[in-house]
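Working notes for the structure below.
The values are calculated or read from the model by the stated rules, or taken from the named source; none is laboratory data. This one's a predicted model, so the numbers in the text were calculated from it and none came from an experiment. Note that each Cβ is placed from the backbone with ideal geometry, even for glycine, and that neighbours are counted across all protein chains shown.
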Amino acid sequence: MKRHEAREVAFIIIFEKSFQDETPLDEIIDSAAESEFFEVNRFVTRTVRDVFDNLPKIDETIEQYLVGWSHARISRVARAILRLGVYEILYSDVPDGVAINEAVEITKKYSEQKEASYINGVLGSVARAKEA
């Protein structure tokens, strides 16, 4: 499985968790792994767990860079993509440009073009602030 595909599976699990707040994360990961639709490897599992282990800081960072929007106002798709993108920028060894590009590509596949531009802007701001 290519890293892009694994990242997309991680996004899907993060998105799924937004509908199942009370369901334990490991149960959602196991369910995805048992399905015929997804391959869940170590990268996917580690990424998803790390996102949720750092969720308060990730959501705080997203909120800080939303311009004219509140966290509650953005779509679940955009929120899941932003969570993954902010995680990769702040907590992984993925280059910032790759994290942003991957987030935009996932957005183009699962959402509207206007959200891709917005996600690009938010993640770009996060990356620039990290470098400062």
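Summary table below
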{"read-out": "Selection from region 91-106 of residues that are of a type in the set (Val, Ile, Thr) and either touching a Ser or Thr at 6+ places or on another chain (Cβ under 7 Å) or within 17 Å of ILE58 (Cβ to Cβ) (or both)", "value": "VAL94, ILE100, ILE106"}
{"read-out": "In region 69-80, the residues that are of a type outside the set (A, V, I, L, M, F, W, C), in a helix (DSSP H, G or I) and farther than 17 Å from GLU16 by Cβ", "value": "HIS71, ARG73"}
{"read-out": "Filter result (farther than 17 Å from HIS4 by Cα and modelled with pLDDT under 95) within region 87-110", "value": "none"}
{"read-out": "Members of region 33-73 that are in contact (Cβ under 8 Å) with a residue 12 or more places away in the chain and under 16 Å from TYR110 (Cβ atoms)", "value": "PHE38"}
{"read-out": "Test for VAL126: is it under 22 Å from HIS4 (Cβ atoms), at pLDDT 95 or above and within 13 Å of the chain's Cα centre (by Cα)", "value": "no"}
{"read-out": "Among (1) β-branched (Val, Ile, Thr); (2) free of Cβ contacts under 8 Å to residues at least 60 places away in the same chain; (3) touching a His at 6+ places or on another chain (Cβ under 8 Å), the one test that ILE89 misses", "value": "(3)"}
{"read-out": "Scope region 3-26; condition loosely packed, with under 11 Cβ neighbours inside 10 Å and either without any contact (Cβ under 8 Å) to a residue 40 or more places away in the chain or closer than 16 Å to SER111 by Cα (or both); matching residues", "value": "ASP21, GLU22, PRO24"}
{"read-out": "Sole residue being out of contact with any strand residue (DSSP E or B) (no Cβ under 8 Å at 6 or more places or on another chain) and either aliphatic (A, V, I, L, M) or within 16 Å of ILE12 (Cβ to Cβ) (or both), chosen from TYR65, TYR87, TYR91", "value": "TYR87"}
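For (1) modelled with pLDDT under 95; (2) of a type in the set (Lys, Arg); (3) buried (at least 18 other Cβ atoms within 10 Å of the Cβ); (4) in a loop (DSSP other than H, G, I, E, B), each residue gets a yes or a no:
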site: SER31; (1), (2), (3), (4): yes, no, no, no
site: PHE37; (1), (2), (3), (4): yes, no, no, yes
site: THR45; (1), (2), (3), (4): no, no, yes, no
site: VAL67; (1), (2), (3), (4): yes, no, no, yes
site: LEU82; (1), (2), (3), (4): no, no, yes, no
site: GLY85; (1), (2), (3), (4): no, no, yes, no
